[in-house]
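Peer 1: Pasting a structure here, questions to come.
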DNA sequence: CGATTCTTTGAAAACAGTCAATCTGTGTGG
DNA sequence: CCACACAGATTGACTGTTTTCAAAGAATCG
């Protein structure tokens, strides 16, 4: 699974053998079974995570026990909790595996050292952050301006690959509606 | 107004006279009157903007002519459209001044040069980006998990300083509800 | 196969949006 | 200083959307 990670990196930047070695030295490989937790509410989060294969979700649980999905992270995506990572405070989120997954963990300070020593990696990380920000803004825009049905259509357009890998109620959670409403939206949509 | 900008920067990082000079050379000062546009849908956006004083808003206009407020940027905040800046594609957003404002514009390539020459500035910019991302994620979380009333309370908590500087209907737009609904929420809340 | 999870359905209630009218406060020009 | 226009806020009646709760059906996993 480290191979997937290096493939991903070399697709974006070119790395010397020494640099790959440096990365390898601090990369922790981990397998997660379906439904296994990687992070739980209250933990302090200290890693950067790359998903080599599988699919993770980041979510909160509210006072009524309802799940709210913040992020879906399939293979070749990064995940974690930036807020907890940056502030050092306990996280309000959970991360678990929707599918059996293989991931790479790199501890915060190790990751920062790598970024210092490998400027290209630093640039890549910043580019990813920039892109993530733009994606977030776009999701906010959908949330404040679209109807439930439009949000669903928007989800399908943006995540065609993920749509068939997760139960419907998770899509509902991701776009902020109830599963029942999603069922009804779909029924109406197919009528047309 | 350039002074405000330098004060802001020196509060975060320490700069030599030469560095300040370099920044000054590429900083464009601009005044905006209330309701004046800085950016319009369809434009290609090429700047980084620091707000020295006043208050700007970033918004889209949908097919029905309704305004959806993406961001509110008071003094000491940055604004602009990262998506258009990054991709070079026309923006879907508008930015205008809610109050008479003074801003500093720095053209994209000039800004990138500054960041290369002043590593501290680069770090600051990345830290701001990181923080903006976390704030976005939090707003998404509010949008998918809170009721209209809770979103309003959340807004009041997060923007105590801005609340009294903008008309209510803009708060409604920011949290994705109608002005009428906001009126009713407020009426119910004061009853309690 | 049995257990669990997921989806669908129905009926009722809660919530939010629309439209049109009125009310309020502010600022401008005569 | 007043009258008026204008932008914003509120209200009411109505419509439409979404949630809730409970139950039944379908699909999936071990």
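Peer 1: Within 10 Å of each residue's Cβ, count the other Cβ atoms and sort A:151, A:108 from fewest upward.
Peer 2: Fewest-to-most ranking of A:151, A:108: A:108, A:151.
Peer 1: Using only Cα atoms and rounding to the nearest 10 degrees, what angle (0 to 90) does helix B:17-26 make with the longest principal axis of chain B?
Peer 2: 60 degrees
Peer 1: Specify the residue with the greatest mean-square fluctuation among A:80, A:176, A:88, computed from a Gaussian network of chain A linking alpha-carbon atoms under 10 Å apart.
Peer 2: A:88
Peer 1: Starting from the exponent 0.38 and prefactor 2.2 Å, build the expected Rg for the protein assembly as shown from its residue count and divide its actual Cα Rg by it.
Peer 2: Against the compact-globule rule of thumb, the ratio is 1.04.
Peer 1: Sticking with this structure for a sec: Which three extents, in whole angstrom, do the alpha-carbon atoms of segment B:2-108 cover along their principal axes, largest first?
Peer 2: Taking the Cα atoms of segment B:2-108, the three principal extents are 51, 29, 20 Å.
Peer 1: If one takes the longest principal axis of the Cα atoms in chain A, at what angle in degrees, from 0 to 90 and to the nearest 10, does the Cα axis of helix A:119-145 lie?
Peer 2: Long axis of A:119-145 versus the principal axis of chain A: about 10 degrees.
Peer 1: Could I ask something else about it? So how far apart, in nm, are the two label points at residue A:18 and residue B:148 if each is 7 Å from Cα heading toward Cβ?
Peer 2: With each label placed 7 Å out from Cα toward Cβ, I get 6.3 nm.
Peer 1: Could I have the simple spin-label model distance between residue A:62 and residue A:35, label points 7 Å from Cα toward Cβ, reported in nm to one decimal?
Peer 2: Calculated label separation equals 2.5 nm.
Peer 1: OK, next. Return A:111, A:50 ranked ascending by Cβ neighbour count within 10 Å, so the fewest neighbours appear first.
Peer 2: A:111, A:50
Peer 1: Please average, across the residues of B:141-151, the number of beta carbons from any other chain that are within 10 Å of each residue's own beta carbon, and give a whole number.
Peer 2: 4
Peer 1: Two decimals is fine: what's Rg over Rh for chain A, C-alpha atoms, Kirkwood radius as Rh?
Peer 2: Checking Rg against Rh, the ratio lands at 1.00.
Peer 1: Most fluctuating residue of A:113, A:164, A:63 in a GNM of chain A with Cα springs under 10 Å: which is it?
Peer 2: Comparing A:113, A:164, A:63 in a Gaussian network model of chain A, the most mobile one is A:63.
Peer 1: Which of these, B:29, B:99, B:180, has the largest mean-square fluctuation under a Gaussian network model of chain B (Cα springs below 10 Å)?
Peer 2: B:180
Peer 1: Mean residue ellipticity at 222 nm from the helices of chain A, using -39,500 (n - 2.57) per DSSP H segment of n ≥ 4 over the full residue count, to the nearest 500 deg cm²/dmol?
Peer 2: Mean residue ellipticity at 222 nm (helix-derived): -16000 deg cm²/dmol.
Peer 1: Report the FRET efficiency, 1/(1 + (r/R0)^6), for residue B:109 and residue A:53, where r is their Cβ-Cβ distance and R0 is 51 Å, rounded to 0.05.
Peer 2: After rounding, the FRET efficiency stands at 0.85.
Peer 1: Determine the shielding of peptide A:67-79 by partner chains: average, over its residues, the number of Cβ atoms on other chains within 10 angstrom of each Cβ.
Peer 2: So the per-residue partner count for this stretch is 1.
Peer 1: Here's a follow-up. Roughly how many whole Å is it from the C-alpha centroid of segment B:29-48 to that of segment B:148-192?
Peer 2: 27 Å
Peer 1: Report the relative contact order of chain B, percent, no decimals, based on alpha-carbon pairs under 8 angstrom and at least 6 residues apart.
Peer 2: 23 percent
Peer 1: Moving on to the next point. Using Cβ counts within 10 Å as a stand-in for footprinting exposure, how do A:174, A:8, B:37 rank, fewest first?
Peer 2: B:37, A:8, A:174
Peer 1: Follow-up. From other protein chains only, count the Cβ atoms within 10 Å of every residue's Cβ in B:110-123, then give the mean.
Peer 2: 0
Peer 1: With each label point set 7 Å from Cα along the Cα-Cβ vector, what nm distance links residue A:100 and residue A:164?
Peer 2: Label-label distance for residue A:100 and residue A:164, simple model: 2.1 nm.
Where a number appears in this text, it was derived from the coordinates with a stated rule and is not lab data. Owing to the predicted nature of the structure, the values given are computational and were not obtained by experimental measurement. Please note: Cβ atoms are built from the backbone with ideal geometry, for glycine as well, and neighbour counts cover all protein chains shown.
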